[in-house]
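Undergrad: Below you will find the structure I want to go over with you.
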């Protein structure tokens, strides 16, 4: 059974956020604390058409995504704890 980030101490460094604006080359999110952040995207994400399509779908569905508080990046594994942790 997979473990969720909510069940670990790592959750202190992560916040839930909803995408509010997606336009190349920016993704803007609103955190659960009502702060607006520009996500820091990797070069690979910025150039990936599939990434942008996924972001638009997440925006449309108003899905909450995990974002690191320090670097303002989305987590690769979503809300699941990665195998390396």
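Here, each number is a calculation from the coordinates, and none is a lab measurement. This is a predicted model, so every value here is computed, not measured. Here Cβ is always computed from backbone atoms with ideal geometry, including for glycine, and neighbour counts include all displayed protein chains.
Undergrad: What nm value, rounded to one decimal, do you get for the distance between residue 21 and residue 73 when each label is placed 7 Å out toward the C-beta?
TA: 2.4
Undergrad: Cut-off is 10 Å between beta-carbons; in what order do 20, 29 appear when sorted fewest neighbours first?
TA: In order of increasing Cβ crowding within 10 Å: 20, 29.
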